[in-house]
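Bear in mind these aren't lab numbers, they're just calculated from the coordinates by the rules spelled out. Predicted, not measured: the structure shown is a model, and the values here were computed from it. Cβ coordinates were reconstructed from backbone atoms using ideal geometry, including for glycine residues, and neighbour counts include every protein chain displayed.
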Amino acid sequence: MSRSATGDSLSSGRSYLASRVFGWVCAAATAVCVLALVGLISTVVVHGAPWVSWTLLTQPTSLDPEKAGIYPALVGSVWLIAITALFSIPTGVGAAIYLEEYAGASWWRRSVQLNISNLAGVPSIVYGILGLGLFVRAMALERSVLAGALTLSLVVLPIVILATQEALRSVPSTIRQASYALGATRWQTISRQVLPAALPGVMTGVILAIARALGEAAPLVAVGAAVAVWHTPVSVLDEFSALPLQIFTWAADAQKEFHGLASAAILVLLTLLIALNAGAVFVRAKWGRRIKW
C-alpha cells in the first residue's frame, strides 16, 4: 500500500472517530437536559398533586392555605392572553404580509427585518421596562389589564412576524405565478392562494407565541402588576394578577403549605401550556394534510 493511501486511510479513520465522539457528546448533553427536566417535573408533581383540587381552581387567594385558590389569577391570565392575541395577531400577520409580499428589496426593508430579528431575542424584562414607561406612566393606564396585555403584545409581536414570514416563504412561488397568469390581482393572490397555503405555519407560530405570553412573569412584574388579588378583573382597566405572579408569591412565602400550592399552580400552568402546544401540533397536522402542492 502506498504512503498516500495509508495517510488517507488514517485521516478517514480520525474523521470517523471525531464524528462518533461528537455524536456521543450531543447525546450526553440531550440526556442531561431530559433528566433535569424530568427531575424538575417530578418534584413539582410530588409536591403539587396533593394540593390540586376544585378549591384551588375556584377560590381566590387567601392567608389560609386550605382555602387559597388561583381563580382571580387564572381569570387574569385569560384576560391577558385574549387582549394580547387581539393586538398582536392582526398586527404581526399584517406586518409579515407587507414585508414578504409588498415591500421590495431595499435598505429600508433590510433594516426593518434586522431590527425585528433582534427584537425577537431581547429579554422580556426589557419589554416590561418599556411597558412601564410607555403604557403605565406615559399613557396613564396604571397597573391595568390593558397595560399588561399591551406589554405582552410587544414581547410576542416579533415572534408572530417572524413565524408568519417563514410560513409565507414556504409557499412555492409557482402558486403566485399561476395565480397572476390567470389574471388575479396581488391581493387576490395573497388572500385566496398564499395565505390559505401558509395557514398551518401561521397558526402554529401564533399559538406558540401566545403560549410564551401565558408563561411570562418578568414583564408583568416590571409594569407593577399585583402579585396577588382577591377579586377577578371585570374590565380592561382593572387591577389584575396572573398565574406566574401568583406562583411567584406562593413560592416566596415562609409557610411550607404555600410551596405546595405553588407547585399545584405550576401544574395548572403546565397543563395550559401543553394544551396550547398540542393545539399547535394538531392544527399543523390537520391543515397541513388539506393543503398540497
task = Identify, from the list 138, 73, 149, 96, the residue that is surrounded by fewer than 16 Cβ atoms within 10 Å (Cβ to Cβ) and not β-branched (Val, Ile, Thr).
result = 138
key: Close pairs (8 angstrom Cβ cut-off, 6 or more residues apart or separate chains): of a type in the set (Ser, Thr, Tyr) in segment 111-123, part of a helix (DSSP H, G or I) anywhere   = 117/158; 117/162
ask   = Can you find even one residue in segment 29-40 that is closer than 22 Å to residue 256 by Cβ and outside any helix (DSSP H, G or I)?
value = no
